[in-house]
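Working notes, beginning with the structure itself.
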């Protein structure tokens, strides 16, 4: 039987390798120096969904919540094989914590409606909380399989999954529908296909039309461009909170139980710090000192 | 207000033993509850676990809720969530703490979502303090302190209105207090009632292994970062650790690059360590890494970038190429009259 899959994805700053270069002089992170990428484990989630579709049939819908710029990751998803992509963007949801975010995503998934499996990355690299997937599952009343590494079988309305932990593994059997959070060891996400990249590179949201018109003045008006994109399936669905049936009291800063009280920039004093020459002699003197003070 | 404010700890256990992280959280919960003039309660779920209640009491619990049921072993999300959520709804704890383990990270968001409670992951410190917000004063809230947003910042998070105030904490972050065998407490037995849907998932097979490295207990740690360059070159880190009689650790960048397994990761999302000597090789020193090792007694940092943040907390700074410095250290150690 065929399975309809929904993938929840997030655009994140590429925080994986914060080097000295990404630090400003005051010791804070220079966000502008970090690229915005698809959260890496969300690509593993997408890959797992695409493999389900290839093996069993069905479709893959990718949903993201974020600013209009997050349309970038939806194009990425189209290049890799997603059938349908949806951007949920709404200023009123800005500042949502994981709980409020999970509520918005739950509303959007309910609007999508016809799903058998929901896939998320285990966690996002900008917060590392691993909370949104289970929170969405709870709000939808679904079982969850976190740390999913491999689908061992998918048969009728039952899925068997291997979960991978830092120290061990577990195999579980679960009825559908259910939600999986996928770890990075699950698979090697496929790259964007050249054919699909050509087919979908114009896929856009209305907020991007002015920029497209500047590049293709022959369309003259946004309406003409919209018609052209719509006819070719290149109009990316954009929902706001109301479209998804969101109660605005439960989202944004106001709807988020967690509040950031303050943020301290860590400036650590180099107390009793010694410079050691990177020479044989310098290093030998250091070792000698550590032996003498009983550190070694 | 005015009622007794309870600090709850979810107890994790394996093979008849309470996990260290849960005992560490009981120690912290005791401290927080004393500050709040409240009580500590432990949530003990499983099958054949009743005897662990006494251990929880010795580590600071005033009350232990024991839910003993065959469906509660091994751990499964929905039956555990059912029991925990119903207890939270009934007793309305002020604070609920869980270990940031695979189980805690699976269960905590489920409880938070059902109860519309705020949850902060991977806290590195927990304190009680007052908060003034939009004209309101909230007294004695839980300050949930953690490094934030891949950056060089420490954020303090509070949940002023929606309780319980929930947080997860990694093993080793909080100090483990000595048990007090003279402490006494109350055991409350809970009779879980499951619905058919709670049992939608079955565990077919399970294999958990013991860690192959003991970073928490190590007195000397040699850690490598992205600057080591390759998995092959990580051999240098192993060589130095061997000569020093220490354990091998890594930054997240090195783990993500596949140089070593996650077990070796030190930092906010890895292990927190307090060795006598920590040698950081080719590690830039993002705040998440430093959060896991800045309590080390002595820190040596080797990095080719003189502006690397790791140097801000190093006791000994070596600006240079680790491919030359590490062999020089090994030579000096082999030659030293130990």
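Quick rundown of the values:
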quantity	calculated
Unique residue being surrounded by 12 or more Cβ atoms within 10 Å (Cβ to Cβ), in contact (Cβ under 8 Å) with a residue 60 or more places away in the chain and over 21 Å from the mean Cα position of the chain (by Cα) when the list is A:235, A:190, A:250	A:250
Unmet requirement for residue B:113, which otherwise passes all of (1) within 19 Å of residue B:33 (Cα to Cα); (2) modelled with pLDDT of 95 or more; (3) out of contact with any strand residue (DSSP E or B) (no Cβ under 8 Å at 6 or more places or on another chain)	(1)
Hits in segment A:255-274 (condition: within 7 Å of another protein chain (Cβ to nearest Cβ), touching a helix residue (DSSP H, G or I) at 6+ places or on another chain (Cβ under 9 Å) and modelled with pLDDT of 85 or more)	A:257, A:258, A:259, A:274
Top-ranked residue in segment A:77-100 [being under 17 Å from residue A:201 (Cβ atoms) and part of a helix (DSSP H, G or I); ranked as farthest from the other protein chains (Cβ to nearest Cβ)]	A:78
Residue under evaluation residue A:60, criteria (1) surrounded by fewer than 21 Cβ atoms within 10 Å (Cβ to Cβ); (2) under 24 Å from residue A:1 (Cβ atoms), criterion not met	(1)
Single condition residue B:156 does not satisfy, out of (1) under 20 Å from residue B:111 (Cα atoms); (2) free of Cβ contacts under 8 Å to residues at least 40 places away in the same chain	(1)
Odd one out for residue B:278 among (1) crowded, with 24+ Cβ neighbours inside 10 Å; (2) in a strand (DSSP E or B); (3) in contact with a helix residue (DSSP H, G or I) (Cβ under 8 Å, 6 or more places away or on another chain); (4) within 11 Å of chain A (Cβ to nearest Cβ)	(3)
Selection from segment B:303-337 of residues that are facing chain A (nearest Cβ under 8 Å) and in a strand (DSSP E or B)	B:316, B:317, B:318, B:319
Any hit, segment B:165-181, residues being surrounded by fewer than 22 Cβ atoms within 10 Å (Cβ to Cβ), free of Cβ contacts under 8 Å to residues at least 12 places away in the same chain, more than 10 Å from chain A (Cβ to nearest Cβ) and farther than 27 Å from residue A:102 by Cα	yes
Residue tally, condition surrounded by fewer than 23 Cβ atoms within 10 Å (Cβ to Cβ) and within 23 Å of the chain's Cα centre (by Cα), over segment B:79-92	2
Residue within segment B:314-323 that is closer than 23 Å to residue B:123 by Cα, surrounded by 18 or more Cβ atoms within 10 Å (Cβ to Cβ) and in contact with a strand residue (DSSP E or B) (Cβ under 7 Å, 6 or more places away or on another chain) present	no
Residues (within 13 Å of chain B (Cβ to nearest Cβ), at positive phi and part of a loop (DSSP other than H, G, I, E, B)) located in segment A:107-153	A:128, A:130, A:141
Residue match in segment B:226-240 (condition: touching a residue at least 24 places away in the same chain (Cβ under 8 Å), assigned to a strand (DSSP E or B) and in the same structural domain as residue B:330 (by TED's automatic domain parsing))	no
Qualifying residue in segment A:164-182 (condition: within 14 Å of chain B (Cβ to nearest Cβ), under 15 Å from the mean Cα position of the chain (by Cα) and under 21 Å from residue B:170 (Cβ atoms))	yes
Residue count, segment B:204-225 (criterion: at the interface with chain A (Cβ under 10 Å from one of its Cβ atoms), touching a residue at least 12 places away in the same chain (Cβ under 8 Å) and either over 24 Å from residue B:287 (Cβ atoms) or exposed (fewer than 13 other Cβ atoms within 10 Å of the Cβ) (or both))	5
Which listed residue, of A:117, A:99, A:105, is over 22 Å from residue A:256 (Cβ atoms), touching a residue at least 60 places away in the same chain (Cβ under 8 Å) and buried (at least 22 other Cβ atoms within 10 Å of the Cβ)	A:117
Sole residue being facing chain A (nearest Cβ under 10 Å) and at negative phi, chosen from B:201, B:188	B:201
Filter pass, residue A:225 being surrounded by 16 or more Cβ atoms within 10 Å (Cβ to Cβ), at the interface with chain B (Cβ under 9 Å from one of its Cβ atoms) and on the phi < 0 side of the Ramachandran plot	no
Given (1) buried (at least 16 other Cβ atoms within 10 Å of the Cβ); (2) at pLDDT below 95; (3) in contact with a helix residue (DSSP H, G or I) (Cβ under 9 Å, 6 or more places away or on another chain), index of the condition residue A:220 fails	(1)
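The values are calculated or read from the model by the stated rules, or taken from the named source; none is laboratory data. The shown structure was predicted, so the numbers you read here are calculated from the model rather than taken from an experiment. Positions of Cβ are backbone-derived with ideal geometry, glycine not excepted, and every protein chain shown enters the neighbour counts.
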